[in-house]
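A quick write-up on the structure given underneath.
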Amino acid sequence: CVDHHALMLEAMRQVLSLGYRRPALALSSTVDQLVEGRFSAGMIIGQQALPEKDRLPRFDKQEGEEGFQRFRSWMREHRPDVLLTLHRDLKGWLERLSYRVPEDVGLVDLEHNSAYADWASMEQRNDLSGEAAVDLVVSMLHNNESGVPAFPRSILGSSHWMSGTTVRSQIGTTGGAKKSRK
């Protein structure tokens, strides 16, 4: 699979190079647990380049009206200037709160999807992960190996940044999330 930790470090490097100063991870704890906390861990390490006051906590994305109300409160309290997420419905939530993307808040999709090709995103190259998995199975068959290996191996692939319209350079602008919203 993709190296989710390295993916977050690269995403952070990219948003910081654009001049964002209050990036935040908006991700459900369920998704983060599926990858053993690698998204959160990468974010925490990526935030080390920021002053402590700008190291924002992860927003634990949940569905429904209650999730939206928690998001509203979290946005008011922490005022991120860019969100890194897998939850594309956050764009609608931001618009509902009268935030403009990317003028007020940037959005980065942590897994590029061609249906959202205009978003800034991280291309995970899942096709290469599939190829690596097939290679591993073929190798096991050639070596008469079956079942769960005594010493499991993993192959972590790299990802890369894809520019998009959901972020913009903050250099030379006041940028950032506005304080007063609905």
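The values are calculated or read from the model by the stated rules, or taken from the named source; none is laboratory data. Given the structure is predicted, the values throughout are model-derived calculations rather than measurements. Methodologically, a virtual Cβ is constructed for each residue, glycine included, from the backbone with ideal geometry; neighbour enumeration extends over all protein chains shown. Surface areas here come from the heavy atoms of the whole protein model, side chains and all, with no ligands, DNA or RNA. Shrake-Rupley method; radii C 1.70, N 1.55, O 1.52, S 1.80 Å.
So here's what we get for this one:
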item: Close pairs from the stretch 14-43: first without any contact (Cβ under 8 Å) to a residue 40 or more places away in the chain, partner open to solvent by 10 Å² or more (accessible area, probe 1.4 Å) and of a type in the set (Ser, Thr, Tyr), Cβ under 7 Å, at least 6 apart; result: 32/40
item: Condition check for residue 90: touching a helix residue (DSSP H, G or I) at 6+ places or on another chain (Cβ under 8 Å) and either farther than 16 Å from residue 12 by Cα or among the charged types (D, E, K, R) (or both); result: yes
item: Condition met for residue 79 (out of contact with any Leu (no Cβ under 6 Å at 6 or more places or on another chain) and buried (at least 16 other Cβ atoms within 10 Å of the Cβ)); result: yes
item: Where residue 68 falls short, out of the listed (1) open to solvent by 10 Å² or more (accessible area, probe 1.4 Å); (2) within 17 Å of residue 101 (Cβ to Cβ); (3) more than 17 Å from the chain's Cα centre (by Cα); result: (1)
item: Condition met for residue 74 (aromatic (Phe, Trp, Tyr), surrounded by fewer than 21 Cβ atoms within 10 Å (Cβ to Cβ) and within 20 Å of residue 121 (Cα to Cα)); result: no
item: Of all residues in the stretch 34-56 being assigned to a helix (DSSP H, G or I) and of a type in the set (D, E, K, R), the one that is farthest from residue 23 (Cα to Cα); result: 38
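Yes/no matrix, rows are residues, columns are (1) more than 19 Å from residue 161 (Cα to Cα); (2) open to solvent by 10 Å² or more (accessible area, probe 1.4 Å):
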site: 5; (1), (2): no, yes
site: 29; (1), (2): yes, yes
site: 34; (1), (2): yes, yes
site: 40; (1), (2): no, yes
site: 47; (1), (2): no, yes
site: 58; (1), (2): yes, yes
site: 61; (1), (2): yes, no
site: 103; (1), (2): yes, yes
